[in-house]
Amino acid sequence: LADLEIHGDAITVGIAAPESPWRQWPELGRRIAAAAATAGIEPGRIEVLGRPMNDDEVEVLYRALKGPGRTHENAGQAGLGHAAGPTTAAPFMEPDAKTRVLGISSGKGGVGKSSVTVNLAIALTQLGHEVAILDADVYGFSVPKMLGIAEDPIAIERDLMIPPVAHDVACISMDYFVPEDKALIWRGPMLHKALEEFLNNVYWGEPDYLLFDMPPGTGDVALSMAQYLPRAEMFVVTTPQAAAQRVAKKSAQMARDPKINLSLAGVIENMSWFTGDDGKRYELFGSGGGAALADDLGVPLIGQIPLVPELREGGDIGVPVTISEPTSEASLAFEGIAKWIEGHGPRRIVPKGLKLI
Ligand SMILES: Nc1ncnc2c1ncn2[C@@H]1O[C@H](COP(=O)(O)OP(=O)(O)O)[C@@H](O)[C@H]1O
Ligand SMILES: [Mg+2]
């Protein structure tokens, strides 16, 4: 807030924004009007004037968002020990962070991993949680489009960006940084570096959940996650047919590789059935794959999501089905998974060398 002037009946609110024109003006205007209304002030009496921040104001904002004490020294305890420079580590890298990191993985593409990430994120917000997504699927960054995000993050100084938010979910994606007409080959070290940037130079706040849309199959992102976020809980998305289940098993086994050793939390089956107009369930892709995989891995099958045209359409137009039809069969399935996650905390990590009597 830069200014507040009251002249008789007219109130002028001056606000300085980190970029100009600032895309959040209409929303901010609405919120100011709503706040004023609760104090009995009619919206017509308020005028909101925006201007770009000056250098000093940017500096103050930068320092406020970067926070004081979190440096790589503390980050080192969370497994990050090598990076240099006074950058700030994301709060969820602290050993006692409240943020739960959920890795959404699959054996292959096209099984609905990104759709699950986005709708599960929204289902968690609908239970009252603060949620963010890190889109790390190098084979196709699809989260911004599914959330309907058309803008880039806001950059503040050289090493701080604020992620765009849609449907109450903040999202950072490599998609924002890769030229549209360019196909990049992501090698392990490059991926590792990009993730490090996202964890250190993005203002995440301290969400309750951070969902990772992981690339199918490969271990590079999982390896980096294991290093930066060893407390991450992994979920495997699969379709019901037996062939898909065999592929999905590989990604689950990867999580359990001693080099990675991420906690495997459960299986989510997608495209489980299609409910016809006759109310009958048609199992178009077979059945039992999710349950068999869960059984095989010794983890629970925590949800089955039906095949619904609205789910695909929602992803295409940037309004996910959990927003457009929150009481539909698919949305209720996501709500069930969100509640399961809410009720099942992460595995407790017992430090090596600690003796329990
Ligand atoms: N349950 C579902 N019902 C209908 N369409 C779905 C469902 N799950 C995913 N899809 C569609 O299938 C395609 C692949 O899904 P996507 O989430 O992009 O998969 P992945 O991230 O695993 O590659 C998308 O067009 C998506 O809209
Ligand atoms: Mg995807």
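Some notes on this structure:
- On the stretch given as the range 126-142, residues that are more than 11 Å from the chain's Cα centre (by Cα) and either within 22 Å of V267 (Cβ to Cβ) or of a type outside the set (A, V, I, L, M, F, W, C) (or both) total 8.
- Scanning the range 304-325 for residues that are aliphatic (A, V, I, L, M) and near ligand 1 (Cβ under 8 Å from one of its atoms) yields I305, L307, V308, L311.
- Pairing residues of the range 112-135 that are more than 16 Å from A330 (Cβ to Cβ) and free of Cβ contacts under 8 Å to residues at least 40 places away in the same chain with residues that are of a type outside the set (S, T, Y) and more than 14 Å from ligand 1 (Cβ to nearest atom), at Cβ distances under 9 Å and at least 6 apart in sequence or on separate chains, gives G128/D208.
- Test: residue in the range 90-101 that is closer than 30 Å to T239 by Cβ, at pLDDT 80 or above, in contact with a strand residue (DSSP E or B) (Cβ under 9 Å, 6 or more places away or on another chain) and not in a loop (DSSP other than H, G, I, E, B): yes
- No other residue among I337, I305 is of a type in the set (A, V, I, L, M) and within 16 Å of ligand 2 (Cβ to nearest atom) apart from I305.
Here's the yes/no breakdown for (1) of a type in the set (D, E, K, R); (2) within 20 Å of L293 (Cα to Cα); (3) within 8 Å of ligand 1 (Cβ to nearest atom); (4) in contact with a His (Cβ under 9 Å, 6 or more places away or on another chain):
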| site | (1), (2), (3), (4) |
| --- | --- |
| G103 | no, yes, no, no |
| G112 | no, yes, yes, no |
| A121 | no, no, no, yes |
| V131 | no, no, no, no |
| D137 | yes, no, yes, no |
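- Here S173 qualifies as within 14 Å of ligand 1 (Cβ to nearest atom) and buried (at least 21 other Cβ atoms within 10 Å of the Cβ).
Conditions tested, residue by residue: (1) at pLDDT 90 or above; (2) surrounded by fewer than 15 Cβ atoms within 10 Å (Cβ to Cβ); (3) in contact with a His (Cβ under 6 Å, 6 or more places away or on another chain); (4) not hydroxyl-bearing (S, T, Y).
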| site | (1), (2), (3), (4) |
| --- | --- |
| L199 | no, no, no, yes |
| R231 | no, no, no, yes |
| A244 | no, no, no, yes |
| D257 | no, yes, no, yes |
| L264 | yes, no, no, yes |
| I268 | yes, no, no, yes |
| G289 | yes, no, no, yes |
| A294 | yes, no, no, yes |
| I305 | yes, no, no, yes |
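- Count of the range 233-242 residues which are outside any loop (DSSP other than H, G, I, E, B) and buried (at least 19 other Cβ atoms within 10 Å of the Cβ): 6
- Single unsatisfied condition, P207 versus (1) at pLDDT 90 or above; (2) of a type outside the set (G, A, S); (3) part of a helix (DSSP H, G or I): (3)
- Total residues in the range 105-149 satisfying the condition of being surrounded by fewer than 23 Cβ atoms within 10 Å (Cβ to Cβ), within 13 Å of ligand 2 (Cβ to nearest atom), of a type in the set (V, I, T) and outside any loop (DSSP other than H, G, I, E, B): the figure is 0.
- Candidates M225, M146, M214, filtered to the one that is touching a Gly at 6+ places or on another chain (Cβ under 9 Å) and modelled with pLDDT under 90: M225
The values are calculated or read from the model by the stated rules, or taken from the named source; none is laboratory data. Fair warning: this is a prediction, and the values are worked out from it, not measured in the lab. Every residue, glycine as well, gets a Cβ built from its backbone with ideal geometry; the counts of neighbours run over all protein chains shown.
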